[in-house]
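Trainee: If you scroll down you'll find the structure; I have some questions about it.
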Amino acid sequence: DAKTTQPNSMESNEEEPVHLPCNHSTISGTDYIHWYRQLPSQGPEYVIHGLTSNVNNRMASLAIAEDRKSSTLILHRATLRDAAVYYCILKESFGNEKLTFGTGTRLTIIP
Amino acid sequence: DGGITQSPKYLFRKEGQNVTLSCEQNLNHDAMYWYRQDPGQGLRLIYYSQIVNDFQKGDIAEGYSVSREKKESFPLTVTSAQKNPTAFYLCASSISGRLNTGELFFGEGSRLTVL
């Protein structure tokens, strides 16, 4: 699987937007971009995924660069419950059905 | 409610003993996965199965074994051959062949400590 690069940690103030970056310069044309997050002592949960166009759902927005070499997960209004490790993952369109998790970004929300 | 149930949540074992972790899902998902997580690390894939009676090795399969006799069950055995078994083990499931249009659902994990 192509590799992603994320900052180890980030901080944000409560009730402000958060932009979590992910670099994936070796992405192939058919790789999907997935985001998961993991709250302390829990299993990861799905956040959002996309291919080329920006995506929105009830949890977050995903902004994908035009060249697809980077993407940004946007939490529009951070709450304390958003404190978690966020993983950016590339998934091949074809081939083995599995996701490879890196070390992610640990997001701290400041009250 | 539909979901994934892992048991036990906490498990202590002596070195050299085999241990089996249970994973059951009632989501009617075809694919199931086992991941391992060490402190401060990401998840590493141990084994996965896309259909009953079939499974594939992940990135760190040595010292582990699995079976998939039923669609809803995917137990993981940590054998005495696993050098560093103490870890947080996570089971997941998905609609087979749909990871690019769907999602991976995780259980709450089993924390294994080998004394």
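Trainee: Right, B:Leu43: under 17 Å from A:Glu45 (Cβ atoms), modelled with pLDDT of 95 or more and among the aliphatic types (A, V, I, L, M) or not? Break it down stepwise before answering.
Mentor: Numbers: under 17 Å from A:Glu45 (Cβ atoms): yes; modelled with pLDDT of 95 or more: no; among the aliphatic types (A, V, I, L, M): yes.
The answer is no for B:Leu43.
Trainee: Please work out if B:Glu62 is surrounded by 14 or more Cβ atoms within 10 Å (Cβ to Cβ), modelled with pLDDT of 95 or more, of a type in the set (Asp, Glu) and farther than 20 Å from B:Leu11 by Cα.
Mentor: Details: surrounded by 14 or more Cβ atoms within 10 Å (Cβ to Cβ): no; modelled with pLDDT of 95 or more: yes; of a type in the set (Asp, Glu): yes; farther than 20 Å from B:Leu11 by Cα: yes.
Taking the combined requirement at face value, the residue does not satisfy it.
Trainee: Next up: Can you find even one residue in the range A:61-84 that is within 14 Å of chain B (Cβ to nearest Cβ) and within 20 Å of B:Gly107 (Cα to Cα)? Please lay out each step first, then the result.
Mentor: Of the range A:61-84, the ones within 14 Å of chain B (Cβ to nearest Cβ) are A:62, A:84.
Right, trim to within 20 Å of B:Gly107 (Cα to Cα) and you get A:84.
For the range A:61-84, residues within 14 Å of chain B (Cβ to nearest Cβ) and within 20 Å of B:Gly107 (Cα to Cα): present.
Trainee: Moving on. More than 14 Å from the chain's Cα centre (by Cα), away from chain B (no Cβ under 14 Å) and modelled with pLDDT under 95: which single residue out of A:Ser41, A:Ser93, A:Ser25 fits that description?
Mentor: Exactly one residue qualifies, and that residue is A:Ser25.
Trainee: Another one. Would you mention how many residues in the range A:28-38 are outside any loop (DSSP other than H, G, I, E, B) and either over 10 Å from the mean Cα position of the chain (by Cα) or at the interface with another protein chain (Cβ under 7 Å from one of its Cβ atoms) (or both)?
Mentor: Kept after step one, since they are outside any loop (DSSP other than H, G, I, E, B), are these residues of the range A:28-38: A:32-38.
Going one step further and asking which of them are either over 10 Å from the mean Cα position of the chain (by Cα) or at the interface with another protein chain (Cβ under 7 Å from one of its Cβ atoms) (or both), we end up with A:32, A:38.
Result for the range A:28-38: 2.
Trainee: Can you go through B:Ala81, B:Ala61 and tell me which one is in contact (Cβ under 8 Å) with a residue 12 or more places away in the chain, touching a Gly at 6+ places or on another chain (Cβ under 9 Å), of a type outside the set (D, E, K, R) and closer than 21 Å to B:Asn18 by Cα?
Mentor: On the way: B:Ala61 fails: touching a Gly at 6+ places or on another chain (Cβ under 9 Å).
Of the residues listed, the single one that is in contact (Cβ under 8 Å) with a residue 12 or more places away in the chain, touching a Gly at 6+ places or on another chain (Cβ under 9 Å), of a type outside the set (D, E, K, R) and closer than 21 Å to B:Asn18 by Cα is B:Ala81.
Trainee: Are any of the residues in the range A:85-92 in contact (Cβ under 8 Å) with a residue 24 or more places away in the chain, of a type in the set (D, E, K, R) and surrounded by 13 or more Cβ atoms within 10 Å (Cβ to Cβ)? Walk me through how you get there before you give the answer.
Mentor: So the first thing to find is which residues in the range A:85-92 are in contact (Cβ under 8 Å) with a residue 24 or more places away in the chain, and the list is A:85-92.
Within this subset, residues satisfying the condition of being of a type in the set (D, E, K, R) are A:91-92.
Cutting the leftovers down to surrounded by 13 or more Cβ atoms within 10 Å (Cβ to Cβ) gives us A:91-92.
Yes, the range A:85-92 contains a residue that is in contact (Cβ under 8 Å) with a residue 24 or more places away in the chain, of a type in the set (D, E, K, R) and surrounded by 13 or more Cβ atoms within 10 Å (Cβ to Cβ).
Trainee: Related question: Specify the residue that is nearest to B:Val19 (Cα to Cα); the eligible residues are those in the range B:68-78 that are within 12 Å of the chain's Cα centre (by Cα) and surrounded by fewer than 16 Cβ atoms within 10 Å (Cβ to Cβ). Don't jump to the end; show me each part of the working.
Mentor: Step one: filter the range B:68-78 for residues within 12 Å of the chain's Cα centre (by Cα), giving B:68, B:73-78.
This time we only want the ones that are surrounded by fewer than 16 Cβ atoms within 10 Å (Cβ to Cβ), so: B:73, B:77.
Details: B:Ser73: 16, B:Thr77: 5 Å.
Once the filter is applied, the top-ranked residue is B:Thr77.
Trainee: Right, another one. Given the condition acidic (Asp, Glu), outside any strand (DSSP E or B) and modelled with pLDDT of 95 or more, answer yes or no: does some residue in the range A:80-88 qualify? Please lay out each step first, then the result.
Mentor: To start, the set of residues in the range A:80-88 that are acidic (Asp, Glu) comprises A:82.
Keeping just the survivors that are outside any strand (DSSP E or B) gives A:82.
Imposing the further condition that a residue be modelled with pLDDT of 95 or more reduces the set to A:82.
Yes.
Trainee: Test A:Ser12 against the stated conditions and say whether it is of a type in the set (Ser, Thr, Tyr), more than 19 Å from B:Leu43 (Cβ to Cβ) and within 11 Å of the chain's Cα centre (by Cα).
Mentor: Numbers: of a type in the set (Ser, Thr, Tyr): yes; more than 19 Å from B:Leu43 (Cβ to Cβ): yes; within 11 Å of the chain's Cα centre (by Cα): no.
For A:Ser12, the condition - of a type in the set (Ser, Thr, Tyr), more than 19 Å from B:Leu43 (Cβ to Cβ) and within 11 Å of the chain's Cα centre (by Cα) - is not met.
This table checks each residue for (1) under 30 Å from A:Ser9 (Cα atoms); (2) crowded, with 17+ Cβ neighbours inside 10 Å; (3) over 11 Å from the mean Cα position of the chain (by Cα).
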position	(1), (2), (3)
B:Glu24	no, yes, no
B:Tyr33	yes, yes, no
B:Val52	no, no, yes
B:Tyr89	yes, yes, no
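Trainee: While we're here: Among the residues that make up the range A:46-67, is at least one of them in a strand (DSSP E or B), of a type outside the set (Ser, Thr, Tyr), in contact with a Lys or Arg (Cβ under 9 Å, 6 or more places away or on another chain) and surrounded by 13 or more Cβ atoms within 10 Å (Cβ to Cβ)? Give the derivation first.
Mentor: Taking the range A:46-67 and keeping what is in a strand (DSSP E or B), we get A:46-50, A:55-56, A:61-64.
Next cut, of a type outside the set (Ser, Thr, Tyr) only: A:47-50, A:55-56, A:62-64.
Okay, now just the ones that are also in contact with a Lys or Arg (Cβ under 9 Å, 6 or more places away or on another chain), so A:47, A:49.
With the extra rule that they be surrounded by 13 or more Cβ atoms within 10 Å (Cβ to Cβ), the set shrinks to A:47, A:49.
Yes: the range A:46-67 contains one or more residues that are in a strand (DSSP E or B), of a type outside the set (Ser, Thr, Tyr), in contact with a Lys or Arg (Cβ under 9 Å, 6 or more places away or on another chain) and surrounded by 13 or more Cβ atoms within 10 Å (Cβ to Cβ).
The values are calculated or read from the model by the stated rules, or taken from the named source; none is laboratory data. The structure presented is a predicted model; accordingly, all values stated were derived computationally and were not measured. Glycine also receives a Cβ, built like all others from the backbone with ideal geometry; neighbour counts cover every protein chain displayed.
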